[in-house]
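The values are calculated or read from the model by the stated rules, or taken from the named source; none is laboratory data. Keep in mind the model is a prediction, meaning the values are calculated, not measured. Here the Cβ positions follow ideal geometry from the backbone for every residue, glycine too, while neighbour counts run over all protein chains shown.
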Amino acid sequence: MKTLEPLKYIWKDRKRYFGLPISFTRYSLTDDRIFCETGLLNLKGEEILLYRVRDLSLRLSLGQRIFRVGSIILQSSDRSTPSLELRNIRQPREVKELIHQQVENAKLSRKMRLGEILEDPDFDNDDAAEGMGLID
């Protein structure tokens, strides 16, 4: 029987209140996935494959800036978790950049820069092909 190797986390943090990690929401990042685990007795875990991430945004409210935290919102093509918000994390700008780099690496390793865009039902393939000079 093959044994599983433990995951190697690139980044870990908890949701913070008043800048302190006193919640039961944990976030972590590996080279190909991002995880969100909530709960104390009943655990709920969500994960998004990084190559499915379409957009990253940063939110810094006044209260978050006072306590030096922020939120990162990930939009993905994942059907079960189309949006994931990493709330009240430390160093949000640096973490957003780290996630962005990992997303780009995951997409390059799967060679799918345009693949996911072309599968999007809301995306007009003819306009994209015309813009790239593929059709007249």
Exercise. Counting just the residues of the range 33-45 that are in a strand (DSSP E or B) and surrounded by fewer than 14 Cβ atoms within 10 Å (Cβ to Cβ), which one comes out nearest to the chain's Cα centre (by Cα)?
Worked result: Gly45
For this session: Looking only at the range 31-38, decide whether some residue is at pLDDT 95 or above, touching a Phe, Trp or Tyr at 6+ places or on another chain (Cβ under 7 Å) and over 19 Å from Gln102 (Cα atoms).
Result: yes
Exercise. Restricting attention to the range 56-84, which residues are among the charged types (D, E, K, R), closer than 21 Å to Lys44 by Cβ and loosely packed, with under 15 Cβ neighbours inside 10 Å?
Worked result: Arg79
For this session: Could you give me the residue pairs with C-beta distances under 7 Å whose first residue belongs to the range 51-69 and is more than 27 Å from Pro82 (Cβ to Cβ), whose second residue is not aliphatic (A, V, I, L, M) wherever it lies, and which are 6+ apart or on separate chains?
Result: Phe67/Phe18; Phe67/Gly19; Arg68/Gly19; Arg68/Arg90
For this session: State all residues of the range 54-72 that are assigned to a strand (DSSP E or B) and among the small types (Gly, Ala, Ser); if no residue qualifies, say none.
Result: Ser57, Gly70, Ser71
For this session: Could you check how many residues of the range 1-32 are surrounded by 13 or more Cβ atoms within 10 Å (Cβ to Cβ), among the acidic types (Asp, Glu) and not in a strand (DSSP E or B)?
Result: 2
For this session: Would you mind stating whether Ile135 is modelled with pLDDT under 95, outside any helix (DSSP H, G or I) and of a type in the set (Val, Ile, Thr)?
Result: yes
For this session: State whether the residues of the range 102-111 include one that is among the aliphatic types (A, V, I, L, M) and either at pLDDT 95 or above or surrounded by 15 or more Cβ atoms within 10 Å (Cβ to Cβ) (or both).
Result: yes
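For the range 10-21, check the following and say yes or no: at least one residue is among the hydrophobic types (A, V, I, L, M, F, W, C), without any contact (Cβ under 8 Å) to a residue 40 or more places away in the chain, farther than 27 Å from Arg110 by Cβ and touching a Pro at 6+ places or on another chain (Cβ under 8 Å).
Checking the range 10-21: not a single residue is among the hydrophobic types (A, V, I, L, M, F, W, C), without any contact (Cβ under 8 Å) to a residue 40 or more places away in the chain, farther than 27 Å from Arg110 by Cβ and touching a Pro at 6+ places or on another chain (Cβ under 8 Å).
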Exercise. Is it true that some residue in the range 85-106 is in contact (Cβ under 8 Å) with a residue 60 or more places away in the chain, part of a helix (DSSP H, G or I) and more than 11 Å from the chain's Cα centre (by Cα)?
Worked result: yes
